[in-house]
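A quick write-up on the structure given underneath.
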Amino acid sequence: MQSHQIDANRRHYVIYVILTPGPWGRILWAVPVDLSNLPVRERLGRRIRSLRALRGWTQGDLAEASGLHRSYVSSVERGERNVGVENLVLLADAFGVTLAELLAEV
């Protein structure tokens, strides 16, 4: 089972799914969570993890698409890094979104 975070109507949810063949798996339940009290770098990490998971990518896939190292991507997702603007642009380009869209949920 995996959990993913999404934002539906500007509210954050943790989604628990069982992976099945196909892009989404079977959604078990959604639990609303308040992320506003987390540091910005942790909210950014959760946003990046969510976008990656929704695409079915591994950290290695995201690292390859963005040109960043896999261990760097991992530390960003864990909220351990203050990510520079150039790396944010690389991540946004890898996801095919604008920088504003990448940061919209943060």
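The values are calculated or read from the model by the stated rules, or taken from the named source; none is laboratory data. Note that this is a predicted model, so its numbers are computed, not measured. Here the Cβ is made from the backbone with ideal geometry for all residues, glycine too, and neighbour counts use every protein chain on show.
Brief remarks follow.
- Matching residues in region 92-106 - criterion: being assigned to a helix (DSSP H, G or I) and either more than 13 Å from the chain's Cα centre (by Cα) or of a type in the set (D, E) (or both): D93, L99, A100, E101
- Cβ-Cβ under 7 Å pairs, at least 6 apart or on other chains, region 77-99 side more than 16 Å from T58 (Cα to Cα), far side in a loop (DSSP other than H, G, I, E, B) and not hydroxyl-bearing (S, T, Y): G79/P39; N87/L68; L90/G67; L90/L68
- Filtered residues of region 70-106 (kept if small (G, A, S) and on the phi < 0 side of the Ramachandran plot): S71, S74, S75, G84, A92, A94, A100, A104
- Residue ID - nearest to S36 (Cα to Cα), chosen from residues in region 56-97 that are hydroxyl-bearing (S, T, Y), surrounded by fewer than 17 Cβ atoms within 10 Å (Cβ to Cβ) and at pLDDT 95 or above: S75
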